[in-house]
1. Does residue 42 fit the bill of being farther than 23 Å from residue 2 by Cα, assigned by TED's automatic domain parsing to the domain that holds residue 95, outside any strand (DSSP E or B) and modelled with pLDDT of 95 or more?
2. Considering only the range 129-181, state which residues are more than 14 Å from ligand 1 (Cβ to nearest atom) and at positive phi.
3. Regarding residue 112, is this residue modelled with pLDDT of 95 or more, part of a strand (DSSP E or B) and crowded, with 23+ Cβ neighbours inside 10 Å?
4. Report yes if residue 125 is within 20 Å of residue 332 (Cα to Cα) and free of Cβ contacts under 8 Å to residues at least 24 places away in the same chain, otherwise no.
5. If I filter the range 301-311 for residues that are buried (at least 19 other Cβ atoms within 10 Å of the Cβ), away from ligand 2 (no atom under 16 Å from the Cβ), modelled with pLDDT of 95 or more and within 30 Å of residue 9 (Cβ to Cβ), do I get at least one hit?
6. Residues to consider are 262, 282, 286, 270; find the one that is in contact (Cβ under 8 Å) with a residue 12 or more places away in the chain, within 13 Å of ligand 1 (Cβ to nearest atom) and at negative phi.
7. Residue 68: more than 20 Å from the chain's Cα centre (by Cα) and modelled with pLDDT under 95, yes or no?
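The values are calculated or read from the model by the stated rules, or taken from the named source; none is laboratory data. Bear in mind the structure is a predicted one, so any value in this text is a computation, not a measurement. So basically every Cβ, Gly included, is an ideal-geometry build from the backbone, and we count neighbours across all protein chains shown.
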Ligand code: KG4
Ligand code: ZN
(Lines give C-alpha, C1' and ligand atoms only; values in the text may rest on other atoms or scores of the structure.)
(Ligands and ions follow the chains in the order given, each with its own letter.)
Protein backbone atom coordinates (compact mmCIF):
# COMPACT_ATOMS: atom_id res chain seq x y z
CA UNK A 1 0.00 0.00 0.00
CA UNK A 2 1.18 3.52 -0.79
CA UNK A 3 0.33 6.63 1.19
CA UNK A 4 0.28 10.16 -0.17
CA UNK A 5 0.26 13.57 1.44
CA UNK A 6 -1.94 16.10 -0.40
CA UNK A 7 -2.05 19.88 -0.08
CA UNK A 8 -4.69 22.24 -1.47
CA UNK A 9 -4.52 26.04 -1.17
CA UNK A 10 -5.90 27.26 -4.50
CA UNK A 11 -8.60 29.57 -3.18
CA UNK A 12 -9.36 30.53 0.40
CA UNK A 13 -9.20 27.14 2.10
CA UNK A 14 -6.08 25.63 3.59
CA UNK A 15 -6.41 21.87 3.31
CA UNK A 16 -4.16 18.89 3.90
CA UNK A 17 -4.99 15.19 3.64
CA UNK A 18 -3.35 11.78 3.78
CA UNK A 19 -4.82 9.36 1.23
CA UNK A 20 -3.86 5.78 0.36
CA UNK A 21 -3.69 4.30 -3.12
CA UNK A 22 -6.86 2.37 -2.17
CA UNK A 23 -8.57 5.77 -1.74
CA UNK A 24 -8.81 5.54 2.03
CA UNK A 25 -8.58 8.89 3.77
CA UNK A 26 -6.34 8.61 6.85
CA UNK A 27 -6.19 12.31 7.68
CA UNK A 28 -8.31 15.19 6.44
CA UNK A 29 -8.24 18.82 7.58
CA UNK A 30 -9.80 21.90 6.00
CA UNK A 31 -9.30 25.34 7.54
CA UNK A 32 -11.84 27.74 6.03
CA UNK A 33 -11.61 31.50 6.04
CA UNK A 34 -14.97 32.89 6.90
CA UNK A 35 -13.62 36.40 7.51
CA UNK A 36 -14.08 37.19 3.80
CA UNK A 37 -17.81 37.36 4.58
CA UNK A 38 -17.95 41.11 5.20
CA UNK A 39 -16.29 41.75 1.82
CA UNK A 40 -18.79 39.62 -0.12
CA UNK A 41 -16.02 37.55 -1.66
CA UNK A 42 -12.49 36.29 -1.28
CA UNK A 43 -9.79 38.92 -0.80
CA UNK A 44 -6.69 37.37 -2.46
CA UNK A 45 -4.05 39.03 -0.26
CA UNK A 46 -5.88 38.11 2.94
CA UNK A 47 -6.29 34.52 1.74
CA UNK A 48 -2.59 34.02 0.97
CA UNK A 49 -1.42 35.61 4.24
CA UNK A 50 -3.77 33.47 6.26
CA UNK A 51 -2.71 30.32 4.41
CA UNK A 52 0.94 31.12 5.07
CA UNK A 53 0.09 31.34 8.77
CA UNK A 54 -2.10 28.27 9.14
CA UNK A 55 -0.65 25.73 6.68
CA UNK A 56 2.07 24.39 9.03
CA UNK A 57 -0.47 23.77 11.80
CA UNK A 58 -3.02 22.17 9.44
CA UNK A 59 -0.23 19.96 8.09
CA UNK A 60 0.81 18.86 11.61
CA UNK A 61 -2.78 18.17 12.65
CA UNK A 62 -3.43 16.06 9.55
CA UNK A 63 -0.33 13.91 10.06
CA UNK A 64 -1.28 13.48 13.69
CA UNK A 65 -4.78 12.35 12.72
CA UNK A 66 -3.26 9.86 10.27
CA UNK A 67 -0.73 8.74 12.90
CA UNK A 68 2.01 8.96 10.29
CA UNK A 69 5.14 11.05 9.73
CA UNK A 70 6.30 12.65 6.49
CA UNK A 71 8.94 9.91 6.24
CA UNK A 72 6.13 7.37 5.86
CA UNK A 73 4.71 9.11 2.78
CA UNK A 74 5.26 7.60 -0.66
CA UNK A 75 4.67 10.91 -2.39
CA UNK A 76 3.47 14.47 -2.08
CA UNK A 77 0.68 15.96 -4.19
CA UNK A 78 -0.23 19.62 -4.41
CA UNK A 79 -2.71 21.74 -6.34
CA UNK A 80 -0.59 23.54 -8.93
CA UNK A 81 -3.49 25.48 -10.51
CA UNK A 82 -5.76 27.05 -11.44
CA UNK A 83 -6.54 29.50 -8.65
CA UNK A 84 -5.26 32.59 -6.88
CA UNK A 85 -1.56 33.08 -7.59
CA UNK A 86 -0.52 33.92 -4.02
CA UNK A 87 -2.59 31.12 -2.51
CA UNK A 88 -1.31 28.50 -4.94
CA UNK A 89 2.28 29.61 -4.28
CA UNK A 90 1.93 29.01 -0.55
CA UNK A 91 0.92 25.37 -1.08
CA UNK A 92 3.31 24.70 -3.94
CA UNK A 93 6.31 26.17 -2.10
CA UNK A 94 5.47 24.13 1.01
CA UNK A 95 5.09 20.91 -1.02
CA UNK A 96 8.33 21.52 -2.92
CA UNK A 97 10.16 22.15 0.33
CA UNK A 98 8.87 18.87 1.77
CA UNK A 99 9.69 16.95 -1.40
CA UNK A 100 13.29 18.17 -1.39
CA UNK A 101 13.85 18.00 2.37
CA UNK A 102 12.44 14.46 2.67
CA UNK A 103 13.42 13.27 -0.82
CA UNK A 104 9.85 12.33 -1.84
CA UNK A 105 8.27 12.19 -5.30
CA UNK A 106 6.12 15.22 -6.08
CA UNK A 107 3.16 15.70 -8.45
CA UNK A 108 1.26 18.88 -9.25
CA UNK A 109 -2.49 18.35 -9.63
CA UNK A 110 -5.13 20.35 -11.48
CA UNK A 111 -7.77 21.62 -9.06
CA UNK A 112 -10.76 20.63 -11.24
CA UNK A 113 -9.32 17.18 -11.84
CA UNK A 114 -9.19 16.93 -8.06
CA UNK A 115 -12.87 17.83 -7.77
CA UNK A 116 -13.86 15.13 -10.27
CA UNK A 117 -11.60 12.52 -8.64
CA UNK A 118 -13.25 13.11 -5.25
CA UNK A 119 -15.85 10.50 -6.26
CA UNK A 120 -13.12 7.88 -6.13
CA UNK A 121 -12.85 8.35 -2.35
CA UNK A 122 -16.28 6.69 -2.12
CA UNK A 123 -16.33 4.64 -5.33
CA UNK A 124 -12.76 3.93 -6.49
CA UNK A 125 -13.93 2.10 -9.61
CA UNK A 126 -16.45 4.48 -11.15
CA UNK A 127 -17.04 2.96 -14.61
CA UNK A 128 -15.24 4.76 -17.45
CA UNK A 129 -15.58 6.50 -19.77
CA UNK A 130 -17.63 8.99 -17.79
CA UNK A 131 -19.05 12.43 -18.29
CA UNK A 132 -17.81 14.78 -15.55
CA UNK A 133 -19.55 18.01 -14.61
CA UNK A 134 -17.37 20.24 -12.42
CA UNK A 135 -19.33 23.07 -10.82
CA UNK A 136 -17.71 25.46 -8.38
CA UNK A 137 -17.05 29.10 -7.66
CA UNK A 138 -14.46 29.31 -10.42
CA UNK A 139 -15.47 26.54 -12.83
CA UNK A 140 -18.38 25.22 -14.80
CA UNK A 141 -16.83 22.60 -17.02
CA UNK A 142 -18.08 19.46 -18.67
CA UNK A 143 -15.42 16.82 -19.35
CA UNK A 144 -15.27 13.50 -21.08
CA UNK A 145 -13.23 11.36 -18.69
CA UNK A 146 -11.60 8.75 -20.90
CA UNK A 147 -9.34 7.62 -18.11
CA UNK A 148 -8.35 9.14 -14.74
CA UNK A 149 -5.46 10.95 -16.39
CA UNK A 150 -7.23 11.80 -19.65
CA UNK A 151 -9.78 14.61 -19.39
CA UNK A 152 -11.27 16.12 -22.55
CA UNK A 153 -13.15 19.37 -22.46
CA UNK A 154 -16.72 19.15 -23.80
CA UNK A 155 -18.07 22.53 -22.63
CA UNK A 156 -17.25 25.38 -20.31
CA UNK A 157 -18.80 28.61 -19.15
CA UNK A 158 -18.39 31.59 -21.44
CA UNK A 159 -18.70 34.06 -18.54
CA UNK A 160 -19.49 33.47 -14.86
CA UNK A 161 -19.16 30.12 -13.14
CA UNK A 162 -22.38 28.78 -11.64
CA UNK A 163 -21.07 29.11 -8.06
CA UNK A 164 -20.09 32.67 -8.87
CA UNK A 165 -23.72 33.32 -9.89
CA UNK A 166 -24.91 31.99 -6.51
CA UNK A 167 -22.36 34.20 -4.75
CA UNK A 168 -23.28 37.30 -6.76
CA UNK A 169 -27.03 36.88 -6.28
CA UNK A 170 -26.46 36.43 -2.54
CA UNK A 171 -24.37 39.59 -2.54
CA UNK A 172 -27.13 41.55 -4.32
CA UNK A 173 -29.42 40.73 -1.42
CA UNK A 174 -26.73 41.14 1.24
CA UNK A 175 -27.07 37.52 2.35
CA UNK A 176 -23.36 36.87 3.02
CA UNK A 177 -20.56 34.81 1.49
CA UNK A 178 -20.38 32.13 0.20
CA UNK A 179 -23.87 32.51 -1.22
CA UNK A 180 -24.42 28.94 -2.41
CA UNK A 181 -25.21 27.26 0.93
CA UNK A 182 -27.39 30.21 2.02
CA UNK A 183 -29.45 30.19 -1.18
CA UNK A 184 -29.68 26.39 -1.06
CA UNK A 185 -31.31 26.71 2.38
CA UNK A 186 -33.56 29.70 1.65
CA UNK A 187 -34.73 28.27 -1.70
CA UNK A 188 -36.37 25.38 0.17
CA UNK A 189 -39.01 27.86 1.40
CA UNK A 190 -39.65 29.41 -2.01
CA UNK A 191 -41.66 28.64 -5.14
CA UNK A 192 -39.27 27.83 -8.01
CA UNK A 193 -41.97 28.73 -10.56
CA UNK A 194 -42.65 32.21 -9.18
CA UNK A 195 -40.26 33.86 -11.64
CA UNK A 196 -39.33 32.39 -14.97
CA UNK A 197 -35.73 32.76 -16.08
CA UNK A 198 -34.88 31.22 -19.46
CA UNK A 199 -32.11 28.69 -20.07
CA UNK A 200 -29.71 30.38 -22.55
CA UNK A 201 -28.65 28.54 -25.69
CA UNK A 202 -25.46 29.16 -27.68
CA UNK A 203 -26.06 30.30 -31.24
CA UNK A 204 -23.30 27.97 -32.50
CA UNK A 205 -25.03 24.95 -30.97
CA UNK A 206 -22.21 24.28 -28.51
CA UNK A 207 -22.89 22.99 -25.03
CA UNK A 208 -21.12 25.93 -23.39
CA UNK A 209 -22.68 27.50 -20.32
CA UNK A 210 -23.52 31.12 -19.53
CA UNK A 211 -24.60 32.40 -16.13
CA UNK A 212 -24.08 36.15 -16.29
CA UNK A 213 -27.47 36.70 -17.97
CA UNK A 214 -29.23 34.86 -15.15
CA UNK A 215 -27.52 37.05 -12.57
CA UNK A 216 -28.54 40.15 -14.56
CA UNK A 217 -32.14 38.90 -14.78
CA UNK A 218 -32.27 38.54 -11.00
CA UNK A 219 -30.71 41.98 -10.61
CA UNK A 220 -33.35 43.51 -12.88
CA UNK A 221 -36.18 41.98 -10.86
CA UNK A 222 -34.62 43.41 -7.70
CA UNK A 223 -34.07 46.83 -9.27
CA UNK A 224 -37.71 47.20 -10.26
CA UNK A 225 -38.86 47.07 -6.65
CA UNK A 226 -35.97 46.74 -4.18
CA UNK A 227 -38.14 47.31 -1.11
CA UNK A 228 -40.39 44.37 -1.91
CA UNK A 229 -37.43 41.99 -1.44
CA UNK A 230 -35.84 43.61 1.64
CA UNK A 231 -36.03 42.16 5.16
CA UNK A 232 -38.38 43.76 7.71
CA UNK A 233 -37.24 45.49 10.92
CA UNK A 234 -36.89 42.08 12.63
CA UNK A 235 -34.69 40.81 9.80
CA UNK A 236 -37.40 38.51 8.34
CA UNK A 237 -37.36 38.11 4.58
CA UNK A 238 -40.58 38.43 2.59
CA UNK A 239 -41.93 35.35 0.82
CA UNK A 240 -41.09 37.02 -2.50
CA UNK A 241 -37.36 36.85 -1.70
CA UNK A 242 -37.57 33.12 -1.03
CA UNK A 243 -39.49 32.74 -4.31
CA UNK A 244 -36.87 34.73 -6.22
CA UNK A 245 -34.04 32.63 -4.79
CA UNK A 246 -35.87 29.37 -5.51
CA UNK A 247 -36.53 30.51 -9.10
CA UNK A 248 -32.90 31.55 -9.57
CA UNK A 249 -31.66 28.22 -8.25
CA UNK A 250 -34.11 26.35 -10.46
CA UNK A 251 -32.87 28.20 -13.55
CA UNK A 252 -29.23 27.52 -12.66
CA UNK A 253 -29.96 23.82 -12.12
CA UNK A 254 -32.05 23.66 -15.32
CA UNK A 255 -29.14 24.94 -17.38
CA UNK A 256 -26.76 22.39 -15.85
CA UNK A 257 -29.33 19.66 -16.55
CA UNK A 258 -29.90 20.81 -20.13
CA UNK A 259 -26.20 20.68 -21.04
CA UNK A 260 -25.60 17.41 -19.23
CA UNK A 261 -28.63 15.74 -20.84
CA UNK A 262 -27.57 16.86 -24.31
CA UNK A 263 -24.00 15.68 -23.73
CA UNK A 264 -25.26 12.28 -22.52
CA UNK A 265 -27.34 11.96 -25.69
CA UNK A 266 -24.32 12.65 -27.90
CA UNK A 267 -21.49 10.91 -26.08
CA UNK A 268 -21.75 7.29 -24.98
CA UNK A 269 -20.52 6.98 -21.39
CA UNK A 270 -20.92 4.49 -18.56
CA UNK A 271 -21.25 7.01 -15.74
CA UNK A 272 -22.00 10.60 -14.85
CA UNK A 273 -19.86 12.36 -12.24
CA UNK A 274 -20.92 15.67 -10.67
CA UNK A 275 -18.46 17.46 -8.39
CA UNK A 276 -17.27 20.83 -7.04
CA UNK A 277 -18.74 23.11 -4.40
CA UNK A 278 -22.07 23.57 -6.19
CA UNK A 279 -22.52 19.78 -6.33
CA UNK A 280 -23.37 19.98 -2.63
CA UNK A 281 -26.55 21.84 -3.66
CA UNK A 282 -29.55 19.70 -2.70
CA UNK A 283 -31.74 20.69 -5.62
CA UNK A 284 -28.93 19.88 -8.07
CA UNK A 285 -28.28 16.51 -6.42
CA UNK A 286 -31.97 15.58 -6.68
CA UNK A 287 -32.18 16.75 -10.29
CA UNK A 288 -29.05 14.82 -11.30
CA UNK A 289 -30.48 11.72 -9.63
CA UNK A 290 -33.61 12.08 -11.78
CA UNK A 291 -31.56 12.68 -14.92
CA UNK A 292 -29.56 9.56 -14.17
CA UNK A 293 -32.79 7.50 -14.10
CA UNK A 294 -34.10 9.18 -17.23
CA UNK A 295 -30.92 8.47 -19.17
CA UNK A 296 -30.10 5.09 -17.63
CA UNK A 297 -26.60 6.24 -16.69
CA UNK A 298 -25.48 5.89 -13.05
CA UNK A 299 -24.59 9.15 -11.34
CA UNK A 300 -21.84 9.60 -8.75
CA UNK A 301 -21.74 12.74 -6.60
CA UNK A 302 -19.30 12.99 -3.68
CA UNK A 303 -20.77 13.58 -0.25
CA UNK A 304 -21.11 17.34 0.40
CA UNK A 305 -17.89 17.85 2.38
CA UNK A 306 -15.93 16.24 -0.45
CA UNK A 307 -17.62 18.53 -3.00
CA UNK A 308 -16.30 21.77 -1.54
CA UNK A 309 -12.56 22.43 -1.62
CA UNK A 310 -10.49 19.87 0.27
CA UNK A 311 -7.17 18.09 -0.06
CA UNK A 312 -8.43 14.49 -0.03
CA UNK A 313 -9.64 15.03 -3.60
CA UNK A 314 -6.14 16.15 -4.59
CA UNK A 315 -4.75 12.97 -3.05
CA UNK A 316 -7.38 10.94 -4.94
CA UNK A 317 -6.38 12.55 -8.24
CA UNK A 318 -2.70 11.99 -7.47
CA UNK A 319 -3.10 8.21 -7.17
CA UNK A 320 -3.37 7.71 -10.95
CA UNK A 321 -0.42 10.03 -11.57
CA UNK A 322 1.87 8.31 -9.05
CA UNK A 323 0.81 4.89 -10.35
CA UNK A 324 1.69 5.98 -13.89
CA UNK A 325 5.14 6.95 -12.64
CA UNK A 326 4.71 10.70 -13.01
CA UNK A 327 7.25 12.76 -11.06
CA UNK A 328 7.44 16.53 -11.21
CA UNK A 329 10.78 18.22 -10.63
CA UNK A 330 10.54 19.90 -7.21
CA UNK A 331 13.03 22.56 -8.26
CA UNK A 332 11.20 23.48 -11.44
CA UNK A 333 7.51 22.86 -10.76
CA UNK A 334 5.62 26.13 -10.55
CA UNK A 335 2.15 27.27 -9.62
CA UNK A 336 0.02 27.95 -12.71
CA UNK A 337 -2.95 30.20 -11.85
CA UNK A 338 -4.47 29.77 -15.35
CA UNK A 339 -3.74 26.09 -15.96
CA UNK A 340 -6.18 24.54 -18.47
CA UNK A 341 -7.17 20.93 -17.97
CA UNK A 342 -7.43 18.55 -20.88
CA UNK A 343 -7.64 18.81 -24.61
CA UNK A 344 -10.60 20.36 -26.40
CA UNK A 345 -12.97 17.57 -27.29
CA UNK A 346 -16.11 19.29 -28.47
CA UNK A 347 -14.99 20.07 -32.01
CA UNK A 348 -13.50 16.64 -32.50
CA UNK A 349 -16.66 14.75 -31.67
CA UNK A 350 -18.89 17.15 -33.56
CA UNK A 351 -16.86 16.69 -36.71
CA UNK A 352 -16.11 13.02 -36.29
O1 LIG B 1 -15.36 23.96 -5.06
P2 LIG B 1 -15.47 25.13 -4.18
O3 LIG B 1 -15.43 24.91 -2.70
O4 LIG B 1 -14.37 26.20 -4.52
C5 LIG B 1 -14.02 26.52 -5.82
O6 LIG B 1 -13.23 25.77 -6.44
O7 LIG B 1 -14.57 27.54 -6.31
O8 LIG B 1 -16.82 25.87 -4.59
C9 LIG B 1 -17.23 27.02 -3.94
C10 LIG B 1 -18.51 27.47 -4.60
C11 LIG B 1 -19.01 28.82 -4.08
O12 LIG B 1 -19.38 29.61 -5.19
C13 LIG B 1 -20.22 28.43 -3.25
O14 LIG B 1 -21.21 29.44 -3.20
C15 LIG B 1 -20.71 27.21 -3.98
O16 LIG B 1 -19.54 26.52 -4.37
N17 LIG B 1 -21.53 26.35 -3.12
C18 LIG B 1 -22.83 26.07 -3.36
C19 LIG B 1 -23.27 25.28 -2.28
N20 LIG B 1 -22.21 25.05 -1.45
C21 LIG B 1 -21.15 25.72 -1.99
N22 LIG B 1 -23.64 26.47 -4.35
C23 LIG B 1 -24.93 26.06 -4.31
N24 LIG B 1 -25.43 25.29 -3.31
C25 LIG B 1 -24.64 24.87 -2.29
N26 LIG B 1 -25.15 24.11 -1.32
ZN1 ZN C 1 -12.82 24.05 -5.97
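1. So residue 42 fails the test.
2. Once the filter is applied, which keeps residues that are more than 14 Å from ligand 1 (Cβ to nearest atom) and at positive phi, the range 129-181 yields only 174.
3. no
4. no
5. no
6. 282
7. No: the conditions fail for residue 68.
Residue by residue, here is whether (1) modelled with pLDDT of 95 or more; (2) assigned by TED's automatic domain parsing to the domain that holds residue 171; (3) exposed (fewer than 13 other Cβ atoms within 10 Å of the Cβ) holds:
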position: 205; (1), (2), (3): no, yes, yes
position: 213; (1), (2), (3): yes, yes, no
position: 235; (1), (2), (3): no, yes, yes
position: 242; (1), (2), (3): yes, yes, no
position: 247; (1), (2), (3): yes, yes, no
position: 268; (1), (2), (3): yes, yes, yes
position: 279; (1), (2), (3): yes, yes, no
position: 297; (1), (2), (3): yes, yes, no
